[in-house]
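Note sheet for the following structure.
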Amino acid sequence: MNFADADPTKLLEQLSPDSYAQGIVNIIDVAAIRQHDPARWERRAEQVEDYIQRAFKKRARATDMLIRLSDTQFITIQPDATRAIAIACCGHVAKETFGYFLGAGVSAAIKILVASGIAADGIAAAEIAPEDILDAMNAAPAELSDRKSPGPLSAWKLGKSQRFIVQVSPRIEASLTLEPIWHSFHGAIASFLIQPTIFEEIGNSIVPVKLTDLGPRNAGVVTAQIIDFAAEVLRQAKADGVRFGLHLPVPLDALTPSRERLIVRDHFRALLGDFAQLVVVELCDCPDGMPQSRMIDLVNSVRPFCRAAIARTNGDAPPLPRWRDAGLAGIAIVFDGAAERSSQAEIKRIQKLADALVAPRTLVVGHAMRKRELVLAAWAGGFTHVSGSVIADLMQVEGRPVRLSATEIFAA
């Protein structure tokens, strides 16, 4: 997909009459956003442009082009699309943009025009009837929300409370559950995060404990059980004829040179073969200042047992280029502190991280997202995968499709 910031008239003059006749040159008009709050438009215009560019990119082919015509109009040229698919693409981009900036239920504000050529006073275009836009959106095969698909839990033959209890020590117990991960580019749930919830008995109190705070021995025990749980889930999925991926959190303490590391590697052997291609290992709590040599050692210790290894961090400046040279496939960011911060501050953080991390063939995962606006900011920023209570709650709804569009997350 190309984004052109040039004179649109010169570009459009190069198109053949057939291109206009086929209906593949369209205009997305977002003037309704400016009219909604004129005083803020000067600051918001750049945000709208960036959002439209990202939303169009997610649906565009390599030959498609997006051109800014004015501060409220954007031309799309889709030479390899049919008229219906081109209109549907513009409709979805407009709907998601209006939904993000104005809220759900704004379909009536969507305005798409089909260009018919260059006129003396500019570009000749006619507005497409709202019902025609809606029909194209509903009929387009690229629509990611397939209402006819079965609910996700039944599709994967998973129970609502898939759970595994681990007695780590006399005073520590862990519960392992499967948390759905949304693949934002494809608008689908195709993998799960194994989420450990750990409690420790201290005196007369039961307190939660993080996986990364257990110490080498207990971390090794929990990690071994996470691996065993993953192998069992994948074996059952294979027997049921379903296929999905798993993200396994592995604390650094479980991979330090020790007896626990050898035990963990022995358990990892259960994932050799076909199962390894379905597993992404998340190396937990990696500090931003971790040396490359240490990262190489960690990646090499898990590489035979997984499709990819990524680093999980809470930091705001993970050195991804340096870590990628160590064999990492990407980064997972945990947003478990978002509840204490404003949504606007978290959105700015997501945008900053996206600008620094999003790159071709790189996994950028956002975990523990508890607010819809954060999920949508991650989606708009180019995060490849998102998990958290927003996604998990939607997956508990009976009849919810396996495929899930950003618009549905906003409207839920």
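What FRET efficiency, computed as 1/(1 + (r/R0)^6) with R0 = 30 Å and r the Cβ-Cβ distance, is obtained for Ala120 and Asp80, rounded to the nearest 0.05?
Efficiency for this residue pair is about 0.45.
Take peptides 207-217, 84-94, 363-373, 39-49 and line them up by average Cβ neighbours within 10 Å, highest first, as a rough protection proxy.
84-94, 363-373, 207-217, 39-49
For the range 2-139, which semi-axes, largest first and in whole Å, follow from the square roots of 5 times the eigenvalues of its Cα gyration tensor?
22, 17, 14
When the Karplus curve 6.51 cos²θ - 1.76 cosθ + 1.60 is applied with θ = phi - 60°, which whole-Hz ³J(HN,Hα) does each residue of the range 45-58 get, with x for Gly and Pro?
Each residue's phi maps through the Karplus curve to give 4, 5, 5, 5, 4, 5, 5, 4, 4, 5, 5, 5, 4, 5 Hz.
Report the gain in length on full extension from Asp18 to Ser70: 0.36 nm times residue separation, minus Cα-Cα distance, nm rounded to one decimal.
16.3 nm
Which FRET efficiency value, to the nearest 0.05, is calculated for Ile263 and Arg61 with the Förster distance at 51 angstrom and r the Cβ-Cβ distance?
0.55
Could you give the alpha-carbon Rg of the range 152-411 over 2.2 N^0.38 Å, rounded to two decimals?
Expressed relative to 2.2 N^0.38 Å, the Cα Rg reads 0.97.
To the nearest 0.05, how large is the calculated FRET efficiency for Asp37 and Ser389 if R₀ is 25 Å and r is the Cβ-Cβ distance?
With R0 = 25 Å, the Cβ-Cβ based efficiency is 0.25.
How large is the dipole of the range 199-317 about the Cα centre if only Lys and Arg carry +1 and Asp and Glu carry -1, each at its Cβ, rounded to the nearest 20 debye?
Dipole about the Cα centre, nearest 20: 460 debye.
For the range 37-80, what's the radius of gyration and Dmax over Cα atoms, in angstrom?
12.0, 39
None of the figures in this text is laboratory data; all of them are computed from the coordinates on show. Just so you know, these numbers come straight off a predicted model, no measurement behind them. Positions of Cβ are backbone-derived with ideal geometry, glycine not excepted, and every protein chain shown enters the neighbour counts.
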